[in-house]
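Asker: First, the structure itself, so that you have it in front of you.
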Amino acid sequence: MDSKRPAFVALLGAALLALAVDPALAQGYDSATEDLIRTLNTQLLYAAIPITVLVEGILIYTVWKYRNNEDPLPTKENRRLEITWTVATAIVLLFVGYASYGVMADPYVTTTQQDVESMSDDAVEIEVIGQRYNWKYTYSDQNITNRTTNVVVPANTNIYFNVTSTDWIHAFHVPELGLKQDALPNQHNTIKTKINEEGTYQVYCAEYCGSGHSAMLSEIKVVSQQEYQQFLKENGGGSAGGNSSSNNSTASA
C-alpha cells in the first residue's frame, strides 16, 4: 500500500469529523458561563479529533496490511517509539489540565465566597429556594419574594443565584445558560453568571426529588435594565444591584 494513502485517509477523516461537529458549535452563547464551558468543550474536541483519526488510521492500516499474514512475528521493542508516545500523552494531558483549570477556576463557573464578598454594587443577588415541587425566589436587599414561575433579571449584569432547599436535595438547572447547582437543605451554594441575550430560559430540577419532579419547572426572564427597574418599582423594590451582607437570607413564608 502506498505510504501516502493512510496519511490522506487520516486527513480526510479529520476534515469530515470537523465538519460534523462544527454545526453544533456554530451557535451563539447566551451567558458568560455557557461561553466558558462550550469554549472548553470545543478546544478538547478539536484536540481529540486528530488523536482519534491517527489511532484509528493506524489500526485500520495495520489490519488491512497484515490481513493475510498467517505467520505473524512478535512485536520488537522500540524504545524511541515508546518514549515518543509517552511524551505525546503527557503533552495532551497537560493541555487538558491547563485548559480545564482555566475554566474551572473562573468565577462564572466556580463561584467562591471571596467572589461573593467582593460583589460589585450593580450586581443582582437572588436567593433560589427549592421545595416540593416548585422554585421560590427572593431578591436580596429588595424585599421582593417571587412565588410565580418567572424570575426577572437584567441582561449584561452580573447575577448571583444563591441556591438552597427547604426539604431535601434538588438541583437548579438552566441548560441554555450552562447553569447547574445542587440545592441542599441548610446549605447555600452560589453560582454567578452574566446573561447576554434577552429572552426566557427554562429552569428544571436536575435531581430526582419525588412524584412531582418532572413538574418542578420555572423560567428566568431576561430583560433590559429599564424593564428591570420597572419590575422592581412595580413590586416594591428599590434600585437595581446592591450587595447583600449575608448569603443566609431567607424568604418570607
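Values quoted throughout were computed directly from the atomic coordinates according to the rules given, and no laboratory measurement underlies them. No experiment lies behind these values; they were computed from the predicted model shown. Here Cβ is always computed from backbone atoms with ideal geometry, including for glycine, and neighbour counts include all displayed protein chains.
Asker: Which FRET efficiency value, to the nearest 0.05, do you get for residue 168 and residue 77 by plugging their Cβ-Cβ distance into 1/(1 + (r/R0)^6) with R0 = 45 Å?
Answerer: With R0 = 45 Å, the Cβ-Cβ based efficiency is 0.20.
Asker: A further question on this structure: If the only charges are +1 at each Lys and Arg Cβ and -1 at each Asp and Glu Cβ, what is the size of the charge dipole of the range 113-234 around the Cα centre, to the nearest 20 debye? Kindly include the intermediate steps, with their values, before the conclusion.
Answerer: Values: 8 positive and 16 negative charges, 75 e Å.
Rounded to the nearest 20 debye, it is 360 debye.
Asker: Under a cut-off of 29 Å between alpha-carbon atoms, report the lysines in cross-link reach of residue 194, not counting same-chain residues fewer than 8 places apart.
Answerer: Cα-Cα hits under 29 Å: 136, 180, 221, 233.
Asker: Can you give me the C-alpha center-to-center distance between the range 171-210 and the range 62-135, rounded to a whole angstrom?
Answerer: 23
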